[in-house]
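The values are calculated or read from the model by the stated rules, or taken from the named source; none is laboratory data. The model shown is predicted, which means the values in this text are computed figures rather than measured ones. Neighbour counts are summed over all protein chains in view; Cβ atoms, including those assigned to glycine, are modelled from backbone coordinates with ideal geometry. Just so you know, the surface numbers come from the protein's heavy atoms only, side chains and all, with ligands and any DNA or RNA stripped out. Shrake-Rupley method; radii C 1.70, N 1.55, O 1.52, S 1.80 Å.
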Amino acid sequence: ATRRPRGPPAGRCEAMGAAHSEQAVYREAVRDWLACGCCGCFAWCGKGYDPQEQALIQNRLADEDYYWSGHCGQDYMFHVANAHPLLGIIACHPLHPYTKFERLCLEWLRVCATVSWIVLFRSYLLYKHRMDQEDADTVKDTVAVFTNVTVPLGVITWALQVVTKQSGRPDCFLQKHFGECCMWSFQWGLVLFWLGSVWLMMCYSYSVIYIPGPWNRRGEDSPNLTHIADNTRLSLCLGYISWFVIDLIMPFPVCACPGSWTYGFYGKWAKERGEDRRTAICYKMPWDSSSCSSSWSSSSDNERGRCCR
């Protein structure tokens, strides 16, 4: 009697082979990026990929997956370079859907909005201290700047970044269903709306600083430009530094039940590494339906055990 050849079902074999080849593309993308450094040949590391590989890299960058090369340190560097609001302007991957030019535009708007918001919020603090007949408290004012200036501007910038990233995906929802013209109109319409809002805030801030009127007690409460610059630097630095803290403790996925959360960069990276290793084991080992299926079933059981009931 002839033995039945051992091998995976064709559909699953093709799926695992595709996953294996995709992971090789991801590792190569990180190696090319690291080989280029922070300047000089950054444009080169986006070349040499066929359209299908470019689409794979762009979609993974837009999905903000953390597991790329298999080395935690390299993947963290790659993640910071692509996700940090300031470092990404210089160091993001050239194939990233959220381009360097778009990052520069949004960050410039954020800086302008921060200056304007600082002027307006400081005017409010002066009015509040005068009405409460109390002296200014540096610690309280710093906390107030963070919660009322840094956080709201960070949320607005994050929302614009999400729209920009999704519009740059090869499989963008708006582009598929409404066309490329509609997609770009929606994206830049939001950016221009935010630009108009910032412009209005800057005009009002100029009047608060330089034009005597009831809003500044005929010039008596005109803010000091040095103080404005210090508060602006403080707000921006708090935003850039707090990004690292939030990135290390943020639960993923946010919309899921708490029982299935992973926390911070390493938690999500380790989860994606486990999924990739399970795929690699099933791809490389001689086909044994019991061992491979048990690997997947135990993984599924663990996931179900961690989730809410």
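Side notes on the structure shown:
- The set of residues in the range 76-99 that are surrounded by fewer than 18 Cβ atoms within 10 Å (Cβ to Cβ), part of a helix (DSSP H, G or I), at pLDDT 90 or above and out of contact with any Asp or Glu (no Cβ under 9 Å at 6 or more places or on another chain) comprises 76, 77.
- Any chance residue 238 is open to solvent by 30 Å² or more (accessible area, probe 1.4 Å), over 20 Å from the mean Cα position of the chain (by Cα) and either within 23 Å of residue 141 (Cα to Cα) or modelled with pLDDT of 75 or more (or both): no
- Subset of the range 95-125 [closer than 22 Å to residue 203 by Cα and among the β-branched types (Val, Ile, Thr)]: 111, 114, 115, 118, 119
- Being of a type outside the set (S, T, N, Q) and loosely packed, with under 13 Cβ neighbours inside 10 Å is not true of residue 184.
- Of the criteria (1) modelled with pLDDT under 85; (2) not in a loop (DSSP other than H, G, I, E, B), which one residue 73 fails: (1)
For every residue, the table says whether it meets (1) assigned to a helix (DSSP H, G or I); (2) modelled with pLDDT of 85 or more; (3) exposed (fewer than 14 other Cβ atoms within 10 Å of the Cβ).
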residue: 101; (1), (2), (3): yes, yes, yes
residue: 104; (1), (2), (3): yes, yes, yes
residue: 119; (1), (2), (3): yes, no, no
residue: 128; (1), (2), (3): yes, no, yes
residue: 140; (1), (2), (3): yes, no, yes
residue: 164; (1), (2), (3): yes, no, no
residue: 191; (1), (2), (3): yes, no, no
residue: 201; (1), (2), (3): yes, yes, no
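- For the criterion of being at pLDDT below 85 and open to solvent by 60 Å² or more (accessible area, probe 1.4 Å), residue 255 passes.
- Cβ pairs under 9 Å, 6+ apart, first in the range 121-139 and in contact (Cβ under 8 Å) with a residue 40 or more places away in the chain, second open to solvent by less than 100 Å² (accessible area, probe 1.4 Å) and of a type in the set (S, T, N, Q): 122/231; 123/205; 123/216; 126/216
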